[in-house]
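Asker: Sharing a structure here in C-alpha cells format.
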Amino acid sequence: MQDNLLIRTFMGHEDEILTLDISDDNSLLVSGSKDSTIKLWNLFTGNLIQTFTGHKDEIHSVKFTPDRKNIISGSIDKTIKIWDASTGTSNNFKGKTGPVYSIDVSHIGDSIISGSFNKKITLWDINAKKPIRSFEGHDLRIQSVSFSPDNKYIISGSSDRTIKIWDLTSGNLIRTLEGHKNPVWSIIITPDGKNIISGSIDKTIKIWDLPTGKLIKSFEGHNSEVWSVAISPDGKYIASGSADKTIKIWDFSTGEIVGNINNHQGDVWKVIFSSDGNFLLSCSSDKTIKLWDFKEFKNQSNLIKAQKKEDERIERERKLFERKEKYQRENLLIFISYATIDAKSYQISRIAEELTAFEEIDDVLYWQEDMHDNIIKYMNDNLDKSNLMLLFCSPNSLDSIPVEKEWTAADAIGKPIIPIFTNVDHIPPLLRSRLGIKFDYDNFRKSILELYELILKKS
C-alpha cells in the first residue's frame, strides 16, 4: 500500500491522537487525544466541525452511537461522557469507574461497555447512563472491550495477557484465551462473529475461534508493539497499527502481508475501516489522522494477484516445455512391474498403449506371458535402461516374488518408482511414502493424464 493512496491528512490536535471512530454512514470522523479534547470532522472535506472540551485527561476511546447523533468517550480522568454530536453538550455516566481505556457501543445502541484500570468491565444503560452489571475476572487493567455482532457476548483483552469471553445476559465468564506473551492491547470480532482478532505488545496478531476459544493462527511481521487491529467489512483483510510507526495489511486467510504504510512519524495508535470498506483511517502519536483509499488498494492488489497468477502460469508452461525438450532428447522408457494375474483387470496393455501416445515417452516395457524370456531375465535386460518404474499394487503383487524382486532392484539402483493403486494398503510398506497415484478406472483418461504429469515430474 503506497503513499499515493493517501487521500487526506487531518491536523488540529495539540498532542498524540489515541483513538478515532467513523459514523456508520461514513460521513463523520471523531478523534480523541492526549490533549483531553475530542474533535468532530467531516470525513470527505477534512473540515473540522467542532471541538468538544470537558475531559480533564487523556481520551483513550471514542465511539459513535449507531444513529450518529451521539458520541461516547472514555478518559483517564475516570469519566465516561455522552456528547450531542450537533451541539457539543455532554452528560456523564453515573457510577464509579477507574481510568477508562476502552468502550464499545452495542449494535442496537441501547447500551455500552467500558474497560478500565480497576480490572472491571462495566455494562451501562445508554439512556439511564447507569451501570447494569460488572464483569470481574481479569488480574490487571482492561485494555480493550467489544460486543459480539449478535450482542450475546462481551470480549475483553487485558494487560494480564489474556482474552476473556463473557455471556452478556448472565454476566458469567465463558472461557479464557491464553497465548499472548505480553499485554493484549486490542481486540475485535470478525463481521461473521466467528473469530476474535487480537493485537499485543508481544508484536503478534492472533486469530481465535470464538465458539471454542482455540487459537487458529498467529501473524508476525511488526518490529514493535501492536496497538490496534481492525477487520475489513468483507472479512478478507486485517489492518494493524504498531509502535514501529507502520500499518500492515494482512490477508486474513493466508496471514500474508499484502500492504505496508510507512507514512506516520510516530506510533500508530488506532486503525479503523469505514463501514463500506472503501477507506482505512489511522491516527498516531505524530498528532495526525490519515485517510487512505482502501478501495483503490484492493483494485491494485487484485491486479497484482492476477499478474502473479499469470506469471505463475507462464512459469509452469516454461518448465513443462523444458521438461518436454529434455524428455524428447532422452526418449523416456517406462518399465511396468505387475502381477501377471492382474494384466486384464488392471488393463496393463491399454495403459501402456495410452502412455506411448505421448511424444515424451518412447516406449513402455512390461513382461507378457507369451514372451520366450522368463520374467527375471526380462527384468535384467530392461530395468537398467528404463527411466522409471510404474509399480501396479494389488494383493497379488504383494504376494508375487518376481514383482518384489523388480521393485527392490529398481530401488537399489536409484530408479524412481511410482506406485499405482486402488487401495493404499496394497502398496509395499517400504514404498508408501513415495508419491503415487490412485488410479480411477471409471475415469480412465483423467487418471492417464495425471499419471503422465507424474511421470514427467518424477523422471
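Asker: Which condition number in (1) out of contact with any Phe, Trp or Tyr (no Cβ under 8 Å at 6 or more places or on another chain); (2) in a loop (DSSP other than H, G, I, E, B) is the one that Asn260 fails?
Answerer: The one condition Asn260 does not meet is (2).
Asker: Any residue in the range 442-449 that is assigned to a loop (DSSP other than H, G, I, E, B) and not β-branched (Val, Ile, Thr)? Give the steps one after another, and end with the answer.
Answerer: Going through the range 442-449, the residues assigned to a loop (DSSP other than H, G, I, E, B) turn out to be none.
No; the residues of the range 442-449 include none that is assigned to a loop (DSSP other than H, G, I, E, B) and not β-branched (Val, Ile, Thr).
Asker: Give me the residue from the range 270-290 that is among the hydrophobic types (A, V, I, L, M, F, W, C) and within 19 Å of Ala243 (Cα to Cα) and, out of that set, surrounded by the fewest Cβ atoms within 10 Å (Cβ to Cβ).
Answerer: Across the range 270-290, the extreme among qualifying residues is Ile272.
Asker: Can I ask one more? Name the residues in the range 116-137 that are in a loop (DSSP other than H, G, I, E, B) and closer than 21 Å to Arg161 by Cβ, would you? Talk me through it step by step, then tell me what you get.
Answerer: The initial filter retains those residues of the range 116-137 that are in a loop (DSSP other than H, G, I, E, B), namely 117-119, 126-129, 137.
Phe117, Asn118, Lys119, Gly137 - these are the residues of the range 116-137 that are in a loop (DSSP other than H, G, I, E, B) and closer than 21 Å to Arg161 by Cβ.
Asker: State whether one or more residues within the range 63-75 are part of a strand (DSSP E or B), modelled with pLDDT of 95 or more, touching a Leu at 6+ places or on another chain (Cβ under 6 Å) and in the same structural domain as Ile17 (by TED's automatic domain parsing). Before you say what the answer is, go through the steps one by one.
Answerer: At the first step, the residues of the range 63-75 found to be part of a strand (DSSP E or B) are 63-64, 70-75.
If we keep only those that are modelled with pLDDT of 95 or more too, we end up with 63-64, 70-75.
Right, trim to touching a Leu at 6+ places or on another chain (Cβ under 6 Å) and you get none.
Among the residues of the range 63-75, not one is part of a strand (DSSP E or B), modelled with pLDDT of 95 or more, touching a Leu at 6+ places or on another chain (Cβ under 6 Å) and in the same structural domain as Ile17 (by TED's automatic domain parsing), which makes the answer no.
Asker: Here's something else I'd like to know. Would you mind listing the strands (runs of 3 or more DSSP E) fully within the range 12-58 where at least 1 residues are within 32 Å of the chain's Cα centre (by Cα) and within 17 Å of Ser284 (Cα to Cα)? So that I can check it myself, show each step before the final result.
Answerer: Numbers: elements: 17-22, 28-33, 38-42, 48-52.
Answer list for the range 12-58: 17-22, 28-33.
Asker: So which residues in the range 98-115 are part of a strand (DSSP E or B) and among the acidic types (Asp, Glu)? Don't jump to the end; show me each part of the working.
Answerer: Quick first cut of the range 98-115, residues part of a strand (DSSP E or B) only: 100-105, 111-115.
Within the range 98-115, Asp104 is the sole residue that qualifies.
Asker: Looking only at helices (runs of 4 or more DSSP H) that fall completely inside the range 360-417, which ones have 3 or more residues that are surrounded by 14 or more Cβ atoms within 10 Å (Cβ to Cβ), in the same structural domain as Ser345 (by TED's automatic domain parsing) and touching a residue at least 40 places away in the same chain (Cβ under 8 Å)?
Answerer: Numbers: elements: 375-382, 395-398, 401-412.
Correct list: 401-412.
The values are calculated or read from the model by the stated rules, or taken from the named source; none is laboratory data. All figures in this text were calculated on a predicted structure; none of them were measured in a lab. With ideal geometry, Cβ positions are generated from the backbone for all residues, glycine too; neighbour counts draw on all protein chains shown.
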